[in-house]
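The values are calculated or read from the model by the stated rules, or taken from the named source; none is laboratory data. This structure is a prediction, so every number in the text was calculated from the model and none was measured. Please note that ligands, DNA and RNA were not included when accessible areas were found on the heavy atoms of the full protein model with its side chains. Shrake-Rupley method; radii C 1.70, N 1.55, O 1.52, S 1.80 Å.
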Amino acid sequence: MLRQDSSDDIEDVSLFDADDDVSRRSKKSKIRHPVASFFHLFFRVSAIVVYLLCELLTSSFIACMVTIILLLSCDFWAVKNVTGRLMVGLRWWNQVDDDGRSHWVFEARKVSAQGSKTSSEAESRIFWLGLITCPMIWVIFAFSALFSFKVKWLAVVVMGVVLQGANLYGYIRCKVGSRKNLTSMATNYLGKQFLRQTVAKEDQTAS
């Protein structure tokens, strides 16, 4: 069921881990979608490897640039539309309505009563590890290209940061919900911490 957030113009759906009981029963160590798990890492790791070795393999900058951009584009499409849906049950996209207003839409896999369609713990770890690690590597490449004055490679590296960072941002928003929900979570956490400290001080005073 979609829930419209009027203050943030965001449409949310319930996340895949909303039902803790079903989620605990369905966690398994085996990889249920090996092909999706392979391609989730293949394109992004291949782009990094080509970037590191291209100067050793060929002297053509254009060939290296085109190859890396193609790999990054394939990775962006695969992660956004295929591997995220299969491996963790999440999908995101942005749509513009007739009034020209932008809406973020988050979709979650419907969990059956037996929990047979939930993702495994191993796939979830592979997904989030690849999703977070690779954009960080491209950020390191960006600083390296900037400080080493490799201006021609800077555009390629920025493309890697933008494409993989967009997927990371989209799935984090899909995981935590809207900005309002994130603020509410932070406020509740701080409130609990303050209450614990207050109770601890009162116990120390009483003793």
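Take the residues in the stretch 51-83 that are within 12 Å of LEU163 (Cα to Cα) and of a type in the set (Phe, Trp, Tyr), then tell me which one is least open to solvent (accessible area, probe 1.4 Å).
Taking the candidates together, the pick is PHE76.
Determine which member of the set SER148, SER184, SER144, SER120 is modelled with pLDDT under 70 and open to solvent by less than 70 Å² (accessible area, probe 1.4 Å).
SER184
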